[in-house]
Amino acid sequence: VALGFYAFAPEALAHAGVVTMDLPTALGFVWALMSWQAFVTRGRWRAWGASALAVAFTFLVRFTAVFLPPLLLVLTLAQLASKRVRAPRRVWLGYALLVPSTLVALQIGYLGHTTFDPLRAWRFDSHLFQTLRQRLPGLRLPIPDSYVAGFDRQAVESQSGQNPSYLFRTLHREAPLAYFPVALAAKWPLGFLAALAVLVFYGAQRRPRLWRALWPLALVVLFLWIGMFVGRLGIGIRYVFPIVPALAVLLGALASQRPGDAAWWRQAAVALVAVQAIEACAHAPWHLSFYNALAGGPERGQWIVNDSNVDWGQGLIALREELARRGIQRVHLAYHGTAEPSVYGIDYIPFRGGSPGPESDWIAISSYYFVGLSQRMMLREGRTEQPIQLDFKPLWSRKPEAMPAGCMLLYRLR
């Protein structure tokens, strides 16, 4: 049941086929927390080895791994408080050994490219690292240079106001607190949402021992806290994707009853897995632009939340096939993405505003531009220097002739 909810999650299906680190990040956190809990409760070094590998893997994958050590510490303290730690001294030794094992993994992953220069010799762009350099100018970090530079760049992206957030047709300077609850309600399958409601009801009825669900709950709370209060990156639910496998594991509790004991929970879980699978398969293969039925699918959902929730420029192949099906030779195109459309065999006239010329009676628009967001545009000669914002309000009241990949809108102009 847990695997079913995860494997048929549109996010998991989408990001398994996109070159990002969202899927490895989620699996790294899950791997680290599961193996660490096993080490804490059983005290076996084999479990510590799995945990050390998982922590190292996650640090090499995503900068949010810096939240792993304090999270592991909280889990350890919680297990100590509940008197479920078999060998406390061994646990604390294992926790301390995670530091050198992770540093060694970083050096291996970055091929030892570490200068050990003091912070005063660095040039930082983020407030975080500028403050650190000011307070500790002589500090030498035993961390690869590229890792430090990348962390500094990510810290800039996470600063307030750096990433405007789109919610309910309104562009906010930073993500409102309601962003992720609304986005998840619109983007998660109804089967998954219903299963979570059943899980809450199950918990109220059965009152299971919470220590068994400690690490999944901790992972959910951590990433919701990061997304809503720390990073405030309201540009896609992919930033809280690790909560999906964690919740899937929790949903496995519905099917973990003994035979003959409250079979209703198992039946409900299996039925809702099937519902989610049908929802995901119905939108295949364009899982990135999935919105549930209550959100109205991509055509209506794009007005609730946009950006990487729907449009990463993944619709060029679908657009090419739609143009071929309709016999359209050339098209005006407002494309949001980093690929050059002609590479995919699309003969297009870049649309950068104004009235479309007579070269084509058709226009294709990426959802990102259609709702009013701005971004640099990819042209044959490269991306524009400045972001382009286009006004498609005259088309907002019209139904598109087609919506390739759920992220592009095709209109007939004449």
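The values are calculated or read from the model by the stated rules, or taken from the named source; none is laboratory data. As the structure is a computational prediction, the values presented were derived from the model and not from experiment. Note that each Cβ is placed from the backbone with ideal geometry, even for glycine, and that neighbours are counted across all protein chains shown. Note: areas computed on protein heavy atoms with side chains; ligands, DNA, RNA excluded. Shrake-Rupley method; radii C 1.70, N 1.55, O 1.52, S 1.80 Å.
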Can you name the residue in the stretch 159-208 that is at pLDDT below 90 and among the polar types (S, T, N, Q) and, of all such residues, is nearest to the chain's Cα centre (by Cα)? Asn163
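Is it true that Ser355 is more than 17 Å from Arg376 (Cα to Cα) and either modelled with pLDDT of 95 or more or among the hydroxyl-bearing types (Ser, Thr, Tyr) (or both)?
Details: more than 17 Å from Arg376 (Cα to Cα): yes; either modelled with pLDDT of 95 or more or among the hydroxyl-bearing types (Ser, Thr, Tyr) (or both): yes.
So Ser355 fits the description; yes.
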Restricting to the stretch 313-350, name every residue that is in contact with a Pro (Cβ under 6 Å, 6 or more places away or on another chain) and not aliphatic (A, V, I, L, M). Gly315, Glu322, His332, Tyr335, Tyr348
Residues (within 23 Å of Ala105 (Cβ to Cβ) and either of a type in the set (A, V, I, L, M) or free of Cβ contacts under 8 Å to residues at least 60 places away in the same chain (or both)) located in the stretch 150-163: Asp152, Arg153, Ala155
The stretch 166-181 residues that are farther than 14 Å from Ile235 by Cβ, paired with ones that are modelled with pLDDT of 95 or more (beta carbon under 6 Å, 6 or more apart): Arg169/Trp303
Across the stretch 107-127, which residue is nearest to Ala54 (Cα to Cα) among those that are of a type in the set (Phe, Trp, Tyr) and open to solvent by less than 70 Å² (accessible area, probe 1.4 Å)? Tyr110
Wholly within the stretch 296-407, which strands (runs of 3 or more DSSP E) include no fewer than the required count, namely at least 1 residues that are without any contact (Cβ under 8 Å) to a residue 24 or more places away in the chain and surrounded by fewer than 22 Cβ atoms within 10 Å (Cβ to Cβ)? 348-350
Mind listing just one residue for me: the one in the stretch 84-106 that is assigned to a helix (DSSP H, G or I) and open to solvent by less than 50 Å² (accessible area, probe 1.4 Å) and, of those, farthest from Phe57 (Cα to Cα)? Val91
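Residues of the stretch 141-158 being hydroxyl-bearing (Ser, Thr, Tyr) and either within 16 Å of Phe116 (Cβ to Cβ) or modelled with pLDDT of 95 or more (or both), which ones? Walk me through how you get there before you give the answer.
Of all residues in the stretch 141-158, those hydroxyl-bearing (Ser, Thr, Tyr) come to 146-147, 158.
Correct list: Ser146, Tyr147.
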Output for the stretch 358-388, where each listed residue is among the polar types (S, T, N, Q) and under 25 Å from the mean Cα position of the chain (by Cα): Ser366, Ser367, Ser374, Gln375
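A quick yes/no check of all residues on (1) touching a His at 6+ places or on another chain (Cβ under 9 Å); (2) without any contact (Cβ under 8 Å) to a residue 12 or more places away in the chain; (3) open to solvent by 10 Å² or more (accessible area, probe 1.4 Å); (4) part of a helix (DSSP H, G or I):
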| site | (1), (2), (3), (4) |
| --- | --- |
| Leu23 | yes, no, yes, yes |
| Phe29 | no, no, no, yes |
| Ala32 | no, no, no, yes |
| Gln37 | no, no, yes, yes |
| Thr41 | no, no, yes, yes |
| Leu60 | no, no, yes, yes |
| Leu68 | no, no, no, yes |
| Leu73 | no, no, yes, yes |
| Gln79 | no, no, no, yes |
Which one of these does Val1 not meet: (1) touching a Leu at 6+ places or on another chain (Cβ under 7 Å); (2) under 30 Å from Trp265 (Cβ atoms); (3) free of Cβ contacts under 8 Å to residues at least 12 places away in the same chain? (3)
Of these, Tyr179, Tyr147, Tyr166, Tyr202, which one is within 26 Å of Gly109 (Cβ to Cβ) and surrounded by 16 or more Cβ atoms within 10 Å (Cβ to Cβ)? Tyr147
Given (1) touching an Asp or Glu at 6+ places or on another chain (Cβ under 9 Å); (2) within 14 Å of Gln302 (Cα to Cα), Trp396 misses just (1)
